[in-house]
């Protein structure tokens, strides 16, 4: 199990963004957008930046080296699950108790949580910094979008992928936060600031702000209440999913994914009809999670003997009794060939009919 996913992704993003910056710098000099003197000035600044990037990469490499395989993987997964769901104080105690401090990504998840809270409070400095930092990566990235967000305050840049799932183009993420920032100014009665902000920010993309210009005139945010009611949920959703994808994290914790895989391996159509407390999918605290998962694909190809609860196959042939139930050759032998149907308790007079696999 990779215990340094976030660190490796950060390292890769640093290298990629630095390379793109250097490439762009020399390109604009090649097409004579800047003079040689201006290029030399920028190269001096680039040296300082490269030193900073190199220091960051060394720090990340140090963490990656420390996070070798451990016999405490389960504890690491549990702690990651706590961080995914914002249980930061519990995580602190858990990490200390099981001595897994060097595997803790507390700061990453804490910063994400604080940014989400700021979005809900109408503050966008942190998330706009995120958009700027990962601008190159976001430009070519898409994330799945929920249907409930398709009629929100701003026309989303969406398309259908090969599986006919709706995806959002993350190149528009900064514009969405800019529009919401304008709306916040109007909501706080800062109309002059809102007007100047709209003029400076959307001079090249007036179509983005046009639907919300009436807020400057009517000065009543309730006029667009239906359109902006779930803005914050949408913005938090897109920010979270983008951040996860950039750092190669799944949208759910790895512990959740492992539990889901285990449930899929045991879930059959009988789970909906009968409850068996030995079955993970039937346990009360897992039923809600199991209900969303598909059935195990091999369920129809395995036959279990009603008498011994063992698999029937070519080495343990199945036989159908008059009662309609199927029992194995091993069960018939153990009951002394009396042909007793365990379900009904009846002794079948006729010899059972042998079943064949098709």
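In summary, residue 248 fulfils each of the numbered conditions (1) modelled with pLDDT of 90 or more; (2) more than 26 Å from residue 142 (Cβ to Cβ); (3) surrounded by fewer than 17 Cβ atoms within 10 Å (Cβ to Cβ) with the single exception of condition (2). Note on the range 115-133: among residues that are in contact with a helix residue (DSSP H, G or I) (Cβ under 6 Å, 6 or more places away or on another chain) and part of a loop (DSSP other than H, G, I, E, B), the one that is nearest to residue 185 (Cα to Cα) is 122.
So, residue 111, is that one closer than 29 Å to residue 259 by Cα, under 19 Å from the mean Cα position of the chain (by Cα) and at pLDDT 95 or above or not? Answer is yes for this residue. Among the conditions (1) surrounded by fewer than 11 Cβ atoms within 10 Å (Cβ to Cβ); (2) not in a helix (DSSP H, G or I), the only one that residue 48 does not satisfy is (2). If the condition is being part of a helix (DSSP H, G or I) and surrounded by fewer than 13 Cβ atoms within 10 Å (Cβ to Cβ), then the range 1-15 contributes only 15.
Taken together, the residues in the range 60-72 that are surrounded by 13 or more Cβ atoms within 10 Å (Cβ to Cβ) and part of a helix (DSSP H, G or I) amount to 4.
As for the range 25-40, it holds no residue that is closer than 27 Å to residue 106 by Cβ and outside the structural domain of residue 139 (by TED's automatic domain parsing).
Within the range 242-261, residues that are under 16 Å from residue 283 (Cβ atoms) have Cβ atoms under 9 Å from residues that are in a loop (DSSP other than H, G, I, E, B) in these pairs: 256/250; 260/252; 260/292; 260/293, counting only partners at least 6 apart in sequence or on another chain. Mind checking whether some residue in the range 259-274 is touching a strand residue (DSSP E or B) at 6+ places or on another chain (Cβ under 7 Å) and modelled with pLDDT under 80? Among the residues of the range 259-274, not one is touching a strand residue (DSSP E or B) at 6+ places or on another chain (Cβ under 7 Å) and modelled with pLDDT under 80, which makes the answer no.
Residue selection: residue 94 satisfies the criterion of being modelled with pLDDT of 95 or more and surrounded by 15 or more Cβ atoms within 10 Å (Cβ to Cβ).
Taken over the range 238-255, the residue count meeting the criterion of being closer than 19 Å to residue 78 by Cα and in contact with a strand residue (DSSP E or B) (Cβ under 6 Å, 6 or more places away or on another chain) is 0.
Working only within the range 304-333, note down all residues that are surrounded by fewer than 11 Cβ atoms within 10 Å (Cβ to Cβ) and touching a residue at least 24 places away in the same chain (Cβ under 8 Å). First the steps, then the outcome.
Initial filter on the range 304-333 (surrounded by fewer than 11 Cβ atoms within 10 Å (Cβ to Cβ)): 309, 314-315, 324, 333.
Within the range 304-333, 314 is the sole residue that qualifies.
The values are calculated or read from the model by the stated rules, or taken from the named source; none is laboratory data. On a predicted model such as this, the values are computed, not experimentally measured, just so you know. Glycine also receives a Cβ, built like all others from the backbone with ideal geometry; neighbour counts cover every protein chain displayed.
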